[in-house]
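Participant: I have a structure I would like to understand better, so I am pasting it below and will then ask my questions one at a time.
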Amino acid sequence: MSQLTFSGSIKRIRYRNEENSYTIAEISTDDTGARITAVGPLAGIDLDDRLRLTGSWEKHARFGDQFRIISYELIFPETGEEIKLYLKRLGVKGLSGPKIKALIERFGNQTLEVIETCPEKITGLKGFGKKTVESLREALTRQMEVKHLLEFLKDHAIPVAHCAAIQKAYGSKAAQCIENNPFDLLETIEGIDFSTVDRIAASLGIAEDDPRRLKACLLFALEKFTSDGHVFAPKGELLTRCMESYHVEHEPLTLALDELCKTGHAVNEAIEQEGETIEAIYTAQLHAAEEGIARRLAMMLSFPERPKPASRNEILETVLARLAIKPSKEQLTTLEEILCHRAAIITGGPGTGKTTLVRSVTALCDHLGKAAVLAAPTGRAARRMAEVTGKKASTIHRLLKVDFQTRGFQHHRDNPLEGDLFIVDEVSMVDTLLMFHLLDAIPVDAAVIFVGDLFQLPSVGAGNILTDLIASERMKTYALTRIFRQAQESPIVMNAHKVREGEFPDFSIAREDGLSEFYFIETGEPLKVMERVVELCARRIPATWSFDPFDDIQVLTPMHKGDVGTLTLNGVLQEALNGEGESLEARGRNFRKGDKVMHLKNNYEKDVFNGDIGVVHAVNKKEKNLVVDFDGRKVDYETDDLEELTLAYAISVHKSQGSEYPAVVVPVTTQHYPLLQRNLLYTAMTRGKELVILIGTRRAVEIALTNNRPKLRLSHLCQRLQKRVA
């Protein structure tokens, strides 16, 4: 689409995010006076400011034609009348109309230049004291800083979307700091990538073999490894990736890596990997975390095992009395032994009794007078843990308590948590950094039980914790394999185990009423899949199974983009399920009263966490805020907070971990090819308690079944534990 450039004045600001300067504004064009809607990053602007905008037209589904801003520049006033209006808008205390008139009569069209560069010339004018002149100069300088920064960004091809963040990080010295070392932007500006910074560096004349560039290149490539789930990068692969992607030579790159390791920005460790010694390159933070996990567990396991806390009969009677459950022989054996260990693991697929064991362990702790602390990585997983045990459970972050001053946690080895036994559920979701902080805060003489399904998706962050802990064979693992009779009658459970083994699901199992719990609807075209998802959620499932579209049905999809990604599906599902009523737009998304929404970041001040799902309780368009109901607790969201919310009619499979829903609908198409994998399909299926419907193609399901890519995550935790624990 071709780009257009025009100038105009801002007449209305409908929305502005002060953090990133994303703005929705009405602009009166200079050539025709017509009002248009412009959307995009606009830092340092105000009403009646004149801008020169470059961008393109796009059509918004609800608001029609909008001009998408790619870049812009402030046009400062040039005539006496324009300068007069501009100075008045600055709102400087003590700068009255007559004083503005006197300035313009004295300096004419040079007034702004005089204020900025020669303010001493103004001090001699009648009525202009030092305080007024200084206030005037400061106000104008703030505006000029934005103008000069925009010009600098444009000259060096820096996306204008980063202007607000750069100005906030560097202030008036932004251009100087970037000129000194543009690669610092990679650490200070969220969302900026190496290629962008590299172009800036080239425009500033920085050579390809400059040590600053080489170090930044290595750290960026290393971060890419960790974002793919790896805890370290093999040195050879890291160097090759940098040489191929960023055109650098091997020798200077190696010298730059050595310097990073000397200064503590990276760690080079020789490790055994598949029978050969390789050099593993870690970020300093991940190396300390992986080593810290192994060290902490080794300390805990160095304590002698405790004697059995109760006889088999006492355990049986306690569980029967407190839970009205009769444990199986396998469960009784586990309950006899598990409290003897300083660290132990319970793992198993759906229907194998993990939940029953956790409930029984907590009941036994109550009986023995031991303090059990329950935690999970997400809010929904913690709530589910609390529901099934009847005990308090919290997220790991909330348990550790964030220290807002240090950006760390309040609980650590010097201020440990209190408790005798720590039970951590959904451990497959816990990454290396979080596991380190948790273990660092657990008293070394306490015990810990890790609970999780080995086959679910690994953590979003780096590491493969549950797999590594089990593979080390240094702590007792209770792998539950027996599927209980009630679970054997569930097509969802039985098909989940089929998928786990790489077998194609069986869709022929039906109940006496002709319905089933598990369906596959074969549809090839992604647009048709999207239409069927809407039909199922809005009409067919509620009519056939009486599930509520908001409370009971959840769409899970592998990707965010595409015709059956979360972004598109949320839009069409919102229109189908909640298309009426007052709405509030934030960055192209509309929130309506009654909408199902998800919180995207851990927000400790609001006490809302990544993955929490709620319902929009109220919308205030005038104040541009809304209220979300999270399980009966009302949380206010101001304009700046709305980026932390998204619609949740459709969510990613990763976001669903630790949760269960009465019914799930899962699009599985070849459009999802980059993310199709067996444990993703397995995780999606096991989120459904009573109904699972897959929609897509057999080919897409087969691709997922044959793809076990997560097993390739690189970490060294298993071997560290084996070395430290006899």
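Participant: Using the Cα centre of region 289-426 as the reference point, and only Cβ charges (+1 on K/R, -1 on D/E), how large is the resulting charge dipole? Debye, rounded to the nearest 20.
Facilitator: So the magnitude is around 300 debye.
Participant: Distance between Cα centroids, region 347-415 to region 648-674: provide it in whole Å.
Facilitator: Cα centroid of region 347-415 versus Cα centroid of region 648-674: 25 Å apart.
Participant: Which residues' amide hydrogens lie under 5 Å from the amide hydrogen of PHE518, considering only partners 5 or more residues apart or on another chain, with H built in the peptide plane?
Facilitator: Hits under the 5 Å cutoff: VAL692.
Participant: Here's something else I'd like to know. Using a 1.4 Å probe on the protein chains only, how many percent of the accessible area of the chain belongs to carbon and sulfur?
Facilitator: Accessible surface attributable to carbon and sulfur in the chain totals 48 percent.
Participant: Output wanted: per-residue J couplings in Hz (rounded whole) for region 137-147, from phi through Karplus 6.51 cos²θ - 1.76 cosθ + 1.60, θ = phi - 60°, x for Gly and Pro.
Facilitator: Result, rounded to whole Hz: 5, 4, 5, 5, 4, 4, 5, 5, 4, 5, 4.
Participant: Using the Karplus curve 6.51 cos²θ - 1.76 cosθ + 1.60 with θ = phi - 60°, work out ³J(HN,Hα) for each residue of region 549-555 in order, rounded to whole Hz, and write x for Gly and Pro.
Facilitator: Working through the residues one at a time gives x, 8, 8, 10, 9, 10, 8 Hz.
Participant: Sticking with this structure for a sec: For region 243-302, what is the accessible area per residue in Å², given a 1.4 Å probe and the full set of protein chains?
Facilitator: 52 Å²
Participant: Per residue, how much accessible area does region 377-474 show when a 1.4 Å probe rolls over the protein heavy atoms, in square angstrom?
Facilitator: Here the residues of region 377-474 average 39 Å² of exposed surface.
Participant: Follow-up question, since we're still on this one. Treating the angle as unsigned and between 0 and 90°, give the value, to the nearest 10°, between the Cα long axis of helix 284-301 and the longest Cα principal axis of the chain.
Facilitator: 30 degrees
Participant: Of LYS308/LYS391; LYS101/LYS131; LYS59/LYS224; LYS168/LYS624, which sit over 28 Å apart, Cα to Cα?
Facilitator: LYS59/LYS224
Participant: Quick one: 3J(HN,Hα) in Hz for region 193-201, Karplus 6.51/-1.76/1.60 with θ = phi - 60°, rounded, Gly and Pro as x.
Facilitator: Each residue's phi maps through the Karplus curve to give 10, 5, 4, 5, 5, 5, 5, 4, 4 Hz.
Participant: Still on this model: Once amide H atoms are placed 1.01 Å from N in the peptide plane, what residues at a sequence separation of 5 or more from ASP403, or on another chain, have their amide H within under 5 Å of its amide H?
Facilitator: GLY408, PHE409, GLN410
Participant: Between LEU125 and ALA543, what FRET efficiency follows from the Cβ-Cβ distance if R0 is 56 Å, with the result rounded to 0.05?
Facilitator: For R0 = 56 Å, the calculated efficiency reads 0.10.
Participant: Between LYS621 and GLU81, how many nm apart are label points set 7 Å from Cα along the C-beta direction?
Facilitator: 3.6 nm
Participant: Have a look at region 642-718 and give its Rg and Dmax from the Cα atoms, expressed in angstrom.
Facilitator: According to the Cα coordinates of region 642-718, Rg and Dmax are 14.2, 41 Å.
Participant: Any chance you could give the angle, 0 to 90 degrees and rounded to 10, that helix 97-107 forms with the longest Cα principal axis of the chain?
Facilitator: The helix 97-107 is inclined about 70 degrees to the chain.
Participant: Right, next: Express the accessible area of region 316-367 per residue in Å², computed with a 1.4 Å probe while the remaining protein chains stay in the model.
Facilitator: 34 Å²
Participant: Given +1 on the Cβ of Lys and Arg, -1 on the Cβ of Asp and Glu, and no further charges, what dipole in debye does the chain carry about its Cα centre, rounded to the nearest 20?
Facilitator: Approximately 1500 debye in magnitude.
Participant: Enter the angle in degrees (range 0 to 90, nearest 10) between the Cα long axis of helix 211-227 and the first principal axis of the Cα atoms of the chain, meaning the one along which they spread out most.
Facilitator: Taking Cα atoms only, the helix is inclined about 40 degrees.
Participant: If amide hydrogens are placed 1.01 Å from N in the peptide plane, which non-local residues have theirs closer than 5 Å to the one on LYS689?
Facilitator: Counting only residues 5 or more places away or on other chains, the set is TYR661, ALA663.
Participant: Within the P(r) computed for the chain, what percentage of the Cα pairs occupies the region above 39 Å?
Facilitator: Result for the distance tail: 47 percent.
Participant: Percent relative contact order of region 583-726, based on C-alpha pairs within less than 8 angstrom and at least six residues apart? Mind showing how you got there, number by number?
Facilitator: On the way: 215 pairs, mean separation 24.2, N = 144.
Worked out over region 583-726, it gives 17 percent.
Participant: Something else now. Provide the net charge surrounding ASP366, with neighbours chosen by a C-beta distance below 12 Å and charges set as Lys +1, Arg +1, Asp -1, Glu -1.
Facilitator: +3
Participant: Can you spot the aspartates and glutamates whose alpha carbon is less than 14 Å from LYS476's alpha carbon? Ignore those fewer than 8 places along the same chain.
Facilitator: Straight-line reach from LYS476, under 14 Å: GLU305, GLU336, GLU337, ASP468.
The values are calculated or read from the model by the stated rules, or taken from the named source; none is laboratory data. Not measured: the values here are computed from a predicted model. As a convention, Cβ positions derive from the backbone with ideal geometry for all residues, glycine included, and neighbour counts pool all protein chains shown. For the accessible areas, the whole protein counts, side chains as well, though only heavy atoms, and no ligand, DNA or RNA atoms are used. Shrake-Rupley method; radii C 1.70, N 1.55, O 1.52, S 1.80 Å.
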